[in-house]
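Any read-out appearing in this document is the output of simple, stated calculations on the displayed coordinates, not a laboratory observation. What you see is a predicted model; the values in this text were computed from it and never measured.
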Amino acid sequence: MSLKPFAISELSDPSQVRVVLYSGGGFVHAPLHGVFDLLKAALKIELAGSVKDLEKRLDTLRDVISKNETKSICCLQLFYMNPLKNPSFYV
């Protein structure tokens, strides 16, 4: 066995690359592509949940904004119709 690390470009079959992990007080080895597949799946699930949460928040904000726009329009109409708040009403 050579003491020099080999370059990844020299691999003929990348699916044969394995990594050593420490788990539960012992070392285990696993295929690198399997570890990446698990990480990708976990990230997809987490991101999907985050996106759904953001969509719910956006919907809530849209509802609040649309309700507040209606209230703001009504308040502006009342403000301009109230002579005490708007002295230009008399002009």
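Data for the structure
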quantity	calculated
Table column - 3J(HN,Hα) (Hz), the stretch 27-40, Karplus curve with 6.51, -1.76, 1.60, x for Gly and Pro	9, 10, 10, 9, x, 4, 5, x, 5, 5, 4, 5, 5, 4
Amide proton proximity set for Arg18, modelled H, under 5 Å, gap of 5+	Leu32
